[in-house]
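This report refers to the structure that appears directly beneath it.
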Ligand code: FES
Ligand SMILES: [Fe+2]
């Protein structure tokens, strides 16, 4: 990655918000915090503006298709979406479509979703099958991609000389997530993810979560605008004013490791922009959305803290599925926002947060996108089936999806900005957008990586 303004970076001290940092709060944790979770790795790469053409230009979208989506590891589905041999999902990205299928108990494969006869999409919905039979003329492939049958084969004398197996794209699995990469020369998924995120998630046993909610909404903005609304906590004071008493978003810690990053936002401390100091009970009431005078759903005694009370409640919520290992897990893991990001568009929140976000262009349209929210919840006993996707249109509020509970209202506030940012960028009389140095650094991180992918030129598919 090219370093920009490196002189400036070296000369300026790294400014941080007043108030306790996330690291300071860890000192007060009731449990021991492993060193690898305490690591700090800020992203600093200059102060240049980001050209607004990255969001608005069709040419840039074409470059992203040709050089990013065609060669990057991308989250396609959960392993639980493919429970049986023959279970498949259709994964669409921009103008491309892939079939991801369980071929055996131990193998998942993926193919471009197109018939090798005259190109019809093989599947347009998820399901389970014993073979892939094209609905147009009936060319048929086995699950492992080998050609099984051409109807009236006598009329295709050329077929014998051609390789008519379905071409494969790369598949990798991590923490119960299935990824694909269309570039057959790509690095292995483990290398792409790097050791840090893999070590962190191992502690949280993500294989043993189930998809408890899955809601997808079309938004009228470029996919990166939606993604960037969840890449910094700087907006919380203005966009989510109800959270300022108990969320220290300006005190968030920003880290990156290659293609992965995280923003850690502490709960139970007020935003330092607030002009008074709320009590612990006020913070707790705001966090749980319970009015003064109404009973709290958790026991709260004099001297208790929000951090203590809510982390204890979280620990009990996970005890049934996670066992007594919860007693070793820190308060911070049950309480704070562990917003992990895997480049380019995937946010599997870490620790015990449940939340997963994914952002994609809406088909081949760079001016709209599809933003999905998933919940990965603990379970005891038999794995419940994964939630069906609830589809929302651009004007359907997130609060229509009851499965999202309180988060629906919060993300509605975020979504309220997105379309208006896309519109506003067309009005803006500047060439680019300005980013804060520390709090918004991961927006720069993502743009720098996209730039690096694009600089590599087209992929040989
Ligand atoms: S296009 Fe698929 S069999 Fe003809
Ligand atoms: Fe937000």
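Read-outs: derived from the displayed coordinates by stated rules, not from any lab. Computed from a predicted structure; not experimentally measured. No Cβ is skipped: glycine too gets one built from the backbone with ideal geometry, and neighbour counts run over all protein chains shown.
The simple Förster model, with R0 at 25 Å and r as the Cβ-Cβ distance, assigns residue 456 and residue 191 a FRET efficiency of 0.95. Entry for the stretch 154-222 at q = 0.20, 0.21, 0.26 Å⁻¹: log10 I(q)/I(0) = -0.99, -1.03, -1.12, Debye formula applied to identical alpha-carbon scatterers, no solvent contribution. Its Cα gyration tensor gives the stretch 294-369 an equivalent ellipsoid, and the semi-axes of that ellipsoid, as √(5λ) in whole Å with the largest first, are 34, 16, 11. The Kirkwood hydrodynamic radius of the stretch 24-66, based on inverse pair distances between different Cα atoms, is 14.8 Å. Of 141, 73, the sequence from fewest to most neighbouring Cβ atoms within 10 angstrom is 141, 73. With the simple spin-label model, which puts each label point 7 Å out from Cα in the Cβ direction, the residue 273 to residue 53 separation comes to 3.2 nm.
The mean of 1/r over all pairs of different alpha-carbon atoms in the stretch 74-181, once inverted, gives a Kirkwood hydrodynamic radius of 14.2 Å. Treating r as the C-beta distance of residue 168 and residue 380 and R0 as 56 Å, the FRET efficiency rounds to 0.90. Rounded to a whole number of µm²/s, how large is the Stokes-Einstein D of the chain at 20 °C and 1.002 mPa s, given Rh as the Kirkwood radius over C-alpha pairs? Answer from the Stokes-Einstein relation: 90 µm²/s.
Label sites at residue 29 and residue 16, each approximated as a point 7 angstrom past Cα along Cα to Cβ, lie 1.5 nm apart. In this calculation the C-beta distance from residue 302 to residue 62 is compared with R0 = 60 Å, giving a FRET efficiency of 0.45. For the stretch 256-318, the spread of Cα coordinates along the three principal axes comes to 48, 36, 20 Å, biggest extent given first. Dimensions of the stretch 117-272 along the principal axes, based on C-alpha atoms and rounded to the nearest Å, stand at 77, 35, 27, largest first. Semi-axis lengths, largest first, of the ellipsoid equivalent to the stretch 286-423 are 31, 20, 15 Å, with √(5λ) applied to each eigenvalue of the Cα gyration tensor.
For the chain, relative contact order (Cα pairs under 8 Å, six or more residues apart, normalised by length) works out to 23 percent.
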